[in-house]
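Written out below as structure tokens is the structure these notes cover.
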Amino acid sequence: MLVIGYDNTAVRDDLIAVHNRAWERLGSPGTWWPARKRVAIAAEVRRVRDCSLCQRRKEALSPYSIEGEHESSAELPSAVIEVVHRIVSDPGRLTRRWYDGVIGSGLSEAHYVEIVGVIATIVMIDTYARGIGQEPPTLPAAERGDPSNYMPDGVGELGAWVYMIRFEDHQPPESDLFPNGPIANIRASLSLVPGEARNFNDLVDHHYAWRPTPDDFYSTQRSISQAQTKLFAARVSALNGCFY
């Protein structure tokens, strides 16, 4: 059954399908977070828009000079709330010191990566909905069940803040993450939690990265070509302070 339908809009069938897959995954037990916490994290993402502390920090020369408390739900630990609000509101000015601080507060790297995956899902789908003049969809109900606590083999230091799977050390359960050999960092960034990497890849493949062959930037089976898509993406990234 479709939960997200985008009534009265000319949305491609594959986008409707991938949004519904993402919503089903969001309401299911994750790798490190139970479903109810995943849905709570998603709800917190939506609260960031109205958080006065985030707004003051965004306007400040340095976000670290502004103290206060986030306007948030009491359902999540303070470290999780900080991670959600900072990543959503001002990701371009996060620092390694900030990251080490939230990890030092008791949040594991794997829990952190799964939070990032949930944030990416909500931001992508909510932004799309608003872009076509629709309200963001109602969050899914949380299913029962425990997180799997699955840790992949072959993870290690690759120059990022979080560990990722090294291509040369990956094992067959994660071979689907490396369909044609080594992958770009943006694809590998969530690989410490393979389920979130797969979720992200599924959404990106349908929203952005599709092309018949890796070197084809000019196909027109979509309304704009890959070259045009990348021009838009580069501009949006610059406006959002995306250093990647």
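The values are calculated or read from the model by the stated rules, or taken from the named source; none is laboratory data. Bear in mind the structure is a predicted one, so any value in this text is a computation, not a measurement. For neighbour counting, all protein chains shown are included, and Cβ atoms are generated from backbone atoms with ideal geometry for every residue, glycine included.
Give the residues of the range 133-181 that are surrounded by fewer than 11 Cβ atoms within 10 Å (Cβ to Cβ) and in a loop (DSSP other than H, G, I, E, B), sorted by residue number.
Scanning the range 133-181 gives Gly133, Glu135, Thr138, Ala141, Arg144, Asp146, Asn149, Glu157, Gly159, Gln171, Asn180.
Looking at the range 1-10, which of the residues that are surrounded by 12 or more Cβ atoms within 10 Å (Cβ to Cβ) and either hydroxyl-bearing (Ser, Thr, Tyr) or out of contact with any His (no Cβ under 9 Å at 6 or more places or on another chain) (or both) is modelled with the lowest pLDDT? First the steps, then the outcome.
So in the range 1-10, the residues surrounded by 12 or more Cβ atoms within 10 Å (Cβ to Cβ) come out as 3-6.
Filter again for either hydroxyl-bearing (Ser, Thr, Tyr) or out of contact with any His (no Cβ under 9 Å at 6 or more places or on another chain) (or both), leaving 5-6.
On the way: Gly5: 82, Tyr6: 85.
The selected residue is Gly5.
So which of Ala35, Ala79 is touching a Gly at 6+ places or on another chain (Cβ under 6 Å) and farther than 16 Å from Pro136 by Cα?
Values: Ala79 fails: touching a Gly at 6+ places or on another chain (Cβ under 6 Å).
It is Ala35.
Please find, within the range 185-244, the residue that is farthest from the chain's Cα centre (by Cα) out of those that are acidic (Asp, Glu) and modelled with pLDDT of 80 or more.
Taking the range 185-244 as the starting set, the residues that turn out to be acidic (Asp, Glu) are 196, 202, 205, 215-216.
Among the residues that remain, those that are also modelled with pLDDT of 80 or more are: 196, 202, 205.
Values: Glu196: 8, Asp202: 12, Asp205: 14 Å.
The extreme case among them is Asp205.
Report, by residue number, each residue of the range 184-202 that is within 13 Å of Arg166 (Cα to Cα), crowded, with 23+ Cβ neighbours inside 10 Å and not aliphatic (A, V, I, L, M).
Answer for the range 184-202, where residues must be within 13 Å of Arg166 (Cα to Cα), crowded, with 23+ Cβ neighbours inside 10 Å and not aliphatic (A, V, I, L, M): just Ser191.
Would you mention how many residues in the range 147-186 are out of contact with any helix residue (DSSP H, G or I) (no Cβ under 8 Å at 6 or more places or on another chain), over 21 Å from Tyr112 (Cα atoms) and among the charged types (D, E, K, R)?
Looking only at that region, the number is 2.
Answer yes if at least one residue in the range 118-134 is in contact with a helix residue (DSSP H, G or I) (Cβ under 8 Å, 6 or more places away or on another chain), touching a residue at least 24 places away in the same chain (Cβ under 8 Å) and among the polar types (S, T, N, Q), and no otherwise.
Looking only at the range 118-134, we keep the residues that are in contact with a helix residue (DSSP H, G or I) (Cβ under 8 Å, 6 or more places away or on another chain), and these are 118-126, 128.
Next cut, touching a residue at least 24 places away in the same chain (Cβ under 8 Å) only: 118-126, 128.
Those still in the list that are among the polar types (S, T, N, Q) too: 121.
Yes, the range 118-134 has at least one match.
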